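Asker: Handing you this structure, nothing more for now.
Coordinate-derived values only; no laboratory data. Remember, it's a predicted structure, so these values are computed and weren't measured experimentally. Please note: Cβ atoms are built from the backbone with ideal geometry, for glycine as well, and neighbour counts cover all protein chains shown.
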């Protein structure tokens, strides 16, 4: 089975609404990272968040190691937030294991 | 200025040929990686290097060979190309070693094998 499961698969919001993206891990967690990707684009690191809560502007990430999960909260969504959000679990050889992503579409 | 450079941005190759994908990072990082992204599949780890030493290889095929001529270079040579090799290949780097490190990605090389 997939080691990193993301939900929802896709999400459509009206501009100004909030979004909650989830990432669940099937094995123990030592580090994780959230990325943002536009269609045809590269991956931009949003958060490196091994544990706890981190905030950057309208984005907040919370990782709970014991529960093997992480969430990404986007408040007051904007059209420019549209894209795919990927989470990945880190490993001791540098191997990141990715989920399939959540595709977010923010409409005006 | 881009900190991780990948060349070329697009690459078209014929089946059976050989290509080299270039990656250079100017972040002063000590570890570098290659990943592959194909349609409908999760991003897939291929290799990790730390201080120019191979740390992990998750590719099943020896047709994929990383080459590290300098600490900030990690090229990827692909031989006997197949249509299934068509994908976007991303290079990444991290500041310290590979151990649970935060990684930063380059813009990618989109490879199409005909």
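Asker: Please report, for the Cα atoms of the protein assembly as shown, the Rg to one decimal and the Dmax as a whole number; what are they, in angstrom?
Answerer: Over the protein assembly as shown's Cα set, Rg and Dmax evaluate to 17.4, 51 Å.
Asker: Write down the Å³ per residue value for the convex hull defined by the alpha carbon atoms of chain B.
Answerer: 97
Asker: Classify the range A:43-101 from the C-alpha gyration tensor, please: rounded if a/c falls under 1.5, else prolate or oblate depending on whether a/b exceeds b/c.
Answerer: Oblate.
Asker: Rounded, prolate or oblate for chain A? Axes are the square roots of the Cα gyration tensor eigenvalues, ordered a ≥ b ≥ c, and the cut-off for rounded is a/c under 1.5.
Answerer: prolate
Asker: Another question, if that's okay. Could you work out the relative contact order of the range B:10-114? I mean the mean sequence separation of Cα pairs under 8 Å and 6+ apart, divided by the number of residues, in percent.
Answerer: It comes to 37 percent, rounded to a whole number.
Asker: At what distance in nm do the modelled label points of residue A:75 and residue B:22 sit from each other, each positioned 7 Å from its Cα along Cα→Cβ?
Answerer: Label at residue A:75, label at residue B:22, 4.5 nm between them.
Asker: On average, how many beta carbons from a partner chain sit within 10 Å of the beta carbon of a residue in B:35-43?
Answerer: Mean partner shielding for this stretch: 4.
Asker: Simple spin-label model, 7 Å along Cα-to-Cβ: residue B:62 to residue B:5 in nm?
Answerer: 3.3
Asker: Looking at the range A:2-43 from every direction and averaging, what is the projected area of its Cα convex hull in nm²?
Answerer: Computing the convex hull of the Cα atoms and averaging its projections yields 4.2 nm².
Asker: Let me ask you something else. Is any residue of the range A:63-82 close enough, with backbone N under 11 Å, to a label point placed 7 angstrom from the Cα of residue A:38 along the Cα-Cβ axis, and if so, which?
Answerer: Residues passing the 11 Å test: A:80-82.
Asker: Could you give the radius of gyration (one decimal) and Dmax (whole number) of the Cα atoms in the range B:71-111, in Å?
Answerer: 12.7, 36
Asker: What's the FRET efficiency of residue B:71 with residue A:45 using the Cβ-Cβ distance as r and R₀ = 25 Å, to the nearest 0.05?
Answerer: According to the calculation, E is roughly 0.70.
Asker: I need to check one value: relative contact order of chain A, counting alpha carbon pairs closer than 8 Å and at least 6 residues apart, in percent.
Answerer: Result for chain A is 37 percent.
Asker: Let me ask you something else. What whole number of Å gives the distance from the Cα centroid of the range A:15-36 to the Cα centroid of the range B:57-114?
Answerer: Measuring centre to centre over Cα atoms gives 25 Å.
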